[in-house]
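Heads up: the structure comes next, in structure tokens.
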Amino acid sequence: MSAQTVILGMGNPILTDDAVGVRLARDLHRRFGDPPGVRWLEECSVGGLNLMDVLADCDRALVFDSIRTRDALPGAWHRFTAGDLRETMNLRNVHDANFATALALGRLAGLRLPADAEIHIFAVEIVDNLTFGERMTEGMEARYPALLSEIGEEAARILGVAKQ
Amino acid sequence: MARTIHIDPITRLEGHGKITIFLDDAGEVKDTYFQIPELRGFERFVVGRPIEELPRIVTRICGVCPASHHMASAKAVDGCFGNECPPLAHKLRDMYYHAHYIHSHIAHFYALAAPDFVCGPDAEPATRNILGVVAKVGLEIGGSVLAARAMAQEIQSILGGRTTHLVWCLPGGVSKGLTPEELEKIKPMVAKLYDFTQFSLQLFRDVVLGNPAYVELILKGPYTLDVHNMGLVDADNAPNFYDGKVRVVDFEGREICKYAPHEYSMYIAEHVEPWTYLKFPFLKQRGWKGFVEGIDSSIYCATPLSRLNVADRMATPRAQEAFEEMFSTLGGRPCKALMAAHWARLVEMVQNAEMLQKHCADPEITGTRYRVVPQRITGEGVGIVEAMRGTLTHHYTCDDEGICTSANLIVGTTNNNAPIHMVTKKVAKSLIGPGKEPDQGILNRIEMAFRAFDPCYSCATHSLPGQMPLEVEIVQGGQPVRTIRRGC
């Protein structure tokens, strides 16, 4: 079975800054095209067991998501793996098992799922994810081109694709 | 030098539930306030857009029950275009929705409810999750749960093309029908799902009903409310999740009202409190009487248990048997024990599976008249479905060009806002008082009360393993005297 990578844009495209993960996935898909073995899910708003379903039969995942941390600058970003994950904005919800539990259950049940170290999460600091709107907040919009370039470079390195 | 960076999401403080408990001078609970952030501005956001876009937009309100919003919205839009949807389209939508229900109820029961009963309410939070359930009852159950979910998901995919962000329902019907080949793929999955519903009921009998302490936990203690019940029913007063009339029955079993979707504003109004964004729906003809229990109260619950409480019967035979067993065990219908909602979900799943069987056996289900293109704009529509966590109402108006001029949504959890607030106070009163020091046990017990409602606060809340992040602040004499946090 050939190696499979899934790339996920997490978030809600009409919830102001919550859209940042979706926009990154869309723009990077446009930039990278469709390398062999790579599947794009540009808009993914599920968590827990549903997210486990999305990762089934994959060896690697790149996840673009949003996060809010104390005193952080909007548009700053973090990169970590599922092994480091304690909590992000969208990977969990209260109606389901949390993501880590869902992964553990899937592995127990014998599903083919990426190792924690192969689930690469890019989390962008945001300001507003409670207001409906098709544009991100002003500061986030201004920061976005640089953000796309920085995260795109890192994603390209993981995927082994040439920078465009 | 190696460096460790701790990422500490502030959402764990802002996106969680906050309960403020006010004590009087004697240390008794005087009042409680339960607050949750809510997404803002959706009803304004859709004004000015083509009305037919709304079923596609509303699936982005929430990632938890997108299909419920899609269905309610589609029905409201049908209303705006003169309700010309053919019967086959309603059957296909209904079929999809039963699969969606099973998918959702499995996740809720096994990931959220079962840990309390299989692992125990006092088990360590780290083990009070679905993995703890698997550890107790065997690995094969984990595989069965995942397989059943996957089948429910697959049925939705076959019918609607996708499971999240549906674009299937259109004004006047659905975008694709069901081919005979697709039906043959669905049939064996439906048979297995029916078996799984029976397996789940048996598990409940063995693990929960077999333990007198759990039965007592369900039936006694602070987890009961003397408020009324709401649910969608068919012409025989059996539960119908996709269509029908809304029936409200008091906690002694008398019908208070029964209304068609377009009549909802005559029966339901919303009360506003200054301390929360979330409104409090109530029975309009009784008027807002405050957060009070009693036969004259205007407050109602809209939960799986409420849906069965308002029903005279189930729509299918095996579900009817499960319905009778449940209420005879609980001491009759209606049942006021909120925790019985977990059992009610399993009974509903039986009806869902049997209805899927019925649709599979319907010779018309693979027909081709699944959509008519609407020819007129009538300008107003109300769509009501039973979302898994409560009655969901979408009400739209549009102008002569079909542009949305107003939208009003009453979502499942909003119906339950007042009862959640009230049971929170009741649990707090039962656990806190002079000489009764609050501790982490309070959070466990409060969380169990929430979980019975499966509240959905527009996905603005986030969880740590097995728990809703929760902060309880105790205030006495105007000053915070203690804060208990879990997961935040």
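Among the residues of the stretch A:88-105, those that are closer than 23 Å to B:A114 by Cβ and either at pLDDT 85 or above or within 7 Å of chain B (Cβ to nearest Cβ) (or both) comprise A:R92, A:N93, A:V94, A:H95, A:D96, A:A97, A:N98, A:A100, A:T101, A:A104, A:L105. B:L346 fulfils the conditions (1) of a type in the set (A, V, I, L, M, F, W, C); (2) closer than 20 Å to B:Y101 by Cα; (3) assigned to a loop (DSSP other than H, G, I, E, B) except for a single criterion, (3). Looking only at residues that are part of a strand (DSSP E or B) and among the aliphatic types (A, V, I, L, M) in the stretch B:200-243, which one is surrounded by the most Cβ atoms within 10 Å (Cβ to Cβ)? Looking at the filtered set, the residue picked out is B:M230. Of the residues in the stretch B:281-296, at least one is surrounded by fewer than 18 Cβ atoms within 10 Å (Cβ to Cβ) and among the aliphatic types (A, V, I, L, M). Testing B:F280 on (1) farther than 17 Å from B:N237 by Cβ; (2) among the aromatic types (F, W, Y); (3) at pLDDT 95 or above, one condition comes back false. Which one is that? Only one criterion is unmet by B:F280, namely (3).
Looking at B:M314, is it of a type outside the set (S, T, N, Q) and part of a loop (DSSP other than H, G, I, E, B)? It is true that B:M314 is of a type outside the set (S, T, N, Q) and part of a loop (DSSP other than H, G, I, E, B). For the criterion of being under 23 Å from B:A74 (Cα atoms) and surrounded by 17 or more Cβ atoms within 10 Å (Cβ to Cβ), B:R247 passes.
Of the residues that make up the stretch B:70-84, is at least one closer than 24 Å to A:T16 by Cβ, among the polar types (S, T, N, Q) and either without any contact (Cβ under 8 Å) to a residue 60 or more places away in the chain or within 14 Å of chain A (Cβ to nearest Cβ) (or both)? No, the stretch B:70-84 has no match at all. Taking the listed residues B:L356, B:L330, the one that is buried (at least 18 other Cβ atoms within 10 Å of the Cβ) and over 21 Å from B:V190 (Cα atoms) is B:L330, with no other qualifying. For the residues B:A418, B:A407, the requirement of being modelled with pLDDT of 75 or more, away from every other protein chain (no Cβ under 12 Å) and not in a loop (DSSP other than H, G, I, E, B) singles out B:A418.
Let's see how each residue does on (1) away from every other protein chain (no Cβ under 14 Å); (2) touching a helix residue (DSSP H, G or I) at 6+ places or on another chain (Cβ under 9 Å); (3) farther than 21 Å from B:A269 by Cβ; (4) at pLDDT below 70:
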{"position": "B:G402", "(1), (2), (3), (4)": "yes, yes, yes, no"}
{"position": "B:S430", "(1), (2), (3), (4)": "yes, yes, yes, no"}
{"position": "B:G441", "(1), (2), (3), (4)": "yes, yes, yes, yes"}
{"position": "B:A452", "(1), (2), (3), (4)": "no, yes, yes, no"}
{"position": "B:G466", "(1), (2), (3), (4)": "no, yes, yes, yes"}
{"position": "B:Q476", "(1), (2), (3), (4)": "yes, no, yes, no"}
{"position": "B:R486", "(1), (2), (3), (4)": "no, yes, yes, yes"}
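If you scan the stretch B:316-372, which residues turn out to be touching a strand residue (DSSP E or B) at 6+ places or on another chain (Cβ under 8 Å) and β-branched (V, I, T)? Within the stretch B:316-372, B:V372 is the sole residue that qualifies.
The set of residues in the stretch B:124-143 being facing another protein chain (nearest Cβ under 9 Å), crowded, with 16+ Cβ neighbours inside 10 Å and out of contact with any Gly (no Cβ under 6 Å at 6 or more places or on another chain) consists of B:I130, B:L131, B:G142, B:G143. The numbered conditions (1) in a helix (DSSP H, G or I); (2) within 14 Å of another protein chain (Cβ to nearest Cβ) are all true for B:V47 except (1). In the list B:E364, B:E325, B:E321, which residue meets the criterion of being surrounded by fewer than 16 Cβ atoms within 10 Å (Cβ to Cβ), under 16 Å from B:V215 (Cα atoms) and not aromatic (F, W, Y)? The unique qualifying residue is B:E325. Condition (residue is in a loop (DSSP other than H, G, I, E, B), modelled with pLDDT of 95 or more and touching a Ser or Thr at 6+ places or on another chain (Cβ under 8 Å)) applied to the stretch B:244-255: is it met by at least one residue? So far as the stretch B:244-255 goes, no, none of its residues is in a loop (DSSP other than H, G, I, E, B), modelled with pLDDT of 95 or more and touching a Ser or Thr at 6+ places or on another chain (Cβ under 8 Å). Considered as a group, the residues in the stretch A:119-143 that are surrounded by fewer than 19 Cβ atoms within 10 Å (Cβ to Cβ) and not in a loop (DSSP other than H, G, I, E, B) include one that is modelled with the lowest pLDDT, and that residue is A:T131.
Here is a check on your reading of the model: is B:F199 touching a residue at least 60 places away in the same chain (Cβ under 8 Å) and away from chain A (no Cβ under 14 Å)? No; evaluated as a whole, the condition is false for this residue.
Restricting B:A67, B:A107, B:A89 to those that are at pLDDT 90 or above and either out of contact with any Phe, Trp or Tyr (no Cβ under 9 Å at 6 or more places or on another chain) or more than 14 Å from chain A (Cβ to nearest Cβ) (or both) reduces the list to B:A89. Taking the stretch B:142-174 as the range and being over 23 Å from the mean Cα position of the chain (by Cα) and in contact (Cβ under 8 Å) with a residue 60 or more places away in the chain as the test, the residues that pass are B:L170, B:P171, B:G172, B:G173, B:V174. Annotation: of all residues in the stretch A:11-60 being in a helix (DSSP H, G or I) and polar (S, T, N, Q), the one that is modelled with the lowest pLDDT is A:N50.
For the stretch A:37-58, filtering for residues that are hydrophobic (A, V, I, L, M, F, W, C), crowded, with 23+ Cβ neighbours inside 10 Å and out of contact with any strand residue (DSSP E or B) (no Cβ under 8 Å at 6 or more places or on another chain) leaves 3. With respect to (1) part of a loop (DSSP other than H, G, I, E, B); (2) within 14 Å of chain B (Cβ to nearest Cβ); (3) closer than 27 Å to B:A148 by Cα, the lone exception for A:L8 is condition (1). Once the stretch A:59-73 is narrowed to residues that are buried (at least 20 other Cβ atoms within 10 Å of the Cβ) and more than 13 Å from every other protein chain (Cβ to nearest Cβ), the residue that is farthest from A:L108 (Cα to Cα) is A:F64.
The values are calculated or read from the model by the stated rules, or taken from the named source; none is laboratory data. What you see is a predicted model; the values in this text were computed from it and never measured. Every residue, glycine as well, gets a Cβ built from its backbone with ideal geometry; the counts of neighbours run over all protein chains shown.
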